[in-house]
Amino acid sequence: MASYDLNVDVSCEILSRTDLKTMKKCRVLSRECNTLTYEPDFMQFHIKRTNTLCGYLIQSLSFSRLYSTFISDDEPGINDRKLSFDFLPADYVEILAVVETGLMFCKSQHPESQHYICKPTTRQWELMPSPNPPYPATQYPAEKIAMIVLQSNNLWFKIVWLSHNFKSYDHTSKFLQCKIFDSNIWAWKQSNDLELSYYEVFESNDAISIHGGLHWITRTGKTYRILTFHQDKESWGSIQVPDSCNSDYCDSIHLTKYEGKLAITSKRRSAELLEVWTMEYYKQKCWNKRYNIDLEGHKEEIGYYKIVSFYNAETLVMLNDCRAIFYNFKKEQITRFIKLGTKHNYPTLVSFVQGDYKPIQLKRNTHVRVAYVLCVCAFVLLFF
């Protein structure tokens with residue numbers, strides 16, 4: 001037992017001094033190594049020793065104006081860090097999608113609608129082509145927008161833009177037009193429409209990026225499912241939720257991540273009890289019930305709440321009444337309330353960010369993109 005404790009201490013000392021990219025790669029070495037990097041003490045050590053930004057970017061709508069703020073559960077004084085967008089060539093921007101590393105897809109409102117990819121921690125940005133919808137964006141806004149990073153060293157990312165296609169509606173189905181931005185070619189391309197049942201709706205604005213794909217929770221009546229976008233084939237699929245999530249005693253469910261695994265929190269209808277399910281083996285699509293979180297004793301303090309995500313292995317984050325609530329469910333106590341201010345009554349985007357301050361190349365050089373296109377053309381000519 002003593003040797004095991006020593007090994008954990010040594011691993012903590014080593015990993016807490018590595019940069020963020022290396023630390024995340026080490027998570028696949030073993031189950032113990034993965035678990036260690038989500039422990040609260042380890043996360044605090046890593047943030048201090050590597051100057052890492054870790055917390056939540058929240059964008060809210062108030063009186064037809066969007067406001068953004070950044071909050072964290074770091075030690076007092078550190079959580080005053082802010083993500084500013086004043087380096088962008090626009091007075092007012094809307095955040096459309098965020099990836100965990102801090103890369104963001106934004107749109108300016110004035111003087112004209114322009115789209116940017118940016119990294120606020122390093123104040124870098126690149127102008128992007130607009131998706132050019134076939135109808136005015138103000139008339140038929142995008143249904144969902146999400147971004148996924150496929151490669152970080154030589155940055156490669158994709159953006160999925162879903163928008164209504166009312167011309168294809170009928171009494172049983174509806175279709176969402178799908179456009180995909182590929183940073184390798186620095187252009188948008190049209191993909192196949194996504195078909196949903198007529199009464200199927202998205203339960204949240206944010207997608208969960210994991211295992212090389214994007215995931216949303218959708219609901220048809222009282223039945224839930226996980227809608228998935230597979231980036232490699234640029235195709236759509238679905239995953240069944242645990243049976244108890246579609247039972248009568250389930251009030252609502254929320255899709256998130258826990259210790260790097262796809263996770264679901266399910267709230268019971270008649271009690272302040274949350275069930276936490278994790279998908280231990282993604283390929284087998286097997287769900288495992290991990291925890292029951294009882295919030296009954298904190299009902300008056302919390303009131304009506306919205307689940308955000310798990311900050312670490314012990315902390316669940318919720319939003320309520322212009323406050324962010326950090327709740328340690330293993331110790332059954334609220335560790336922190338953070339006031340968001342009166343401008344954050346209606347959050348439109350809440351994203352977990354764990355980023356660094358190292359500059360990156362947002363846009364590949366032209367010769368790299370040309371080489372990529374030539375390779376694709378050669379492959380097509382060779383095999384077809």
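Laboratory data are not the source of any read-out in this text; all were calculated from the coordinates shown. Worth saying up front: this structure is predicted, and the values here are computed from it rather than measured. As a convention, Cβ positions derive from the backbone with ideal geometry for all residues, glycine included, and neighbour counts pool all protein chains shown.
Numbers for the structure displayed
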| read-out | value |
| --- | --- |
| Dipole in debye (nearest 20) - the stretch 261-344, about Cα centre, beta carbon charges: Lys, Arg +1; Asp, Glu -1 | 380 |
| Positive dipole terminus of the stretch 1-50, leading residue within PHE42, LEU20, SER30 (C-beta point charges) | LEU20 |
| Packing-based order for 174-180, 243-249, using average beta carbon neighbours within 10 Å, highest first | 174-180, 243-249 |
| Under 16 Å from the Cα of LYS289 - aspartates and glutamates, other chains or at least 8 residues apart | ASP243, GLU259, GLU275, GLU280, GLU314 |
| Percentage, to the nearest whole number, of Cα pairs in the chain over 31 Å apart | 40 |
| Other-chain or far-sequence residues with amide H under 5 Å of ALA207's (modelled H) | none |
| Cα gyration tensor, the stretch 279-323 - rounded (a/c under 1.5), prolate or oblate | prolate |
| Average Cα contact separation per residue, the chain, under 8 Å, 6 or more apart, as relative contact order % | 16 |
| Net charge over other residues, Cβ less than 14 angstrom from the Cβ of TYR199 (K, R count +1; D, E count -1) | 0 |
| Spherically averaged projected area of the stretch 261-344 from its Cα convex hull (nm²) | 6.2 |
| Cross-link pairs LYS339/LYS363; LYS144/LYS330; LYS48/LYS257; LYS257/LYS339 - those with Cα-Cα distance over 29 Å | LYS339/LYS363; LYS144/LYS330 |
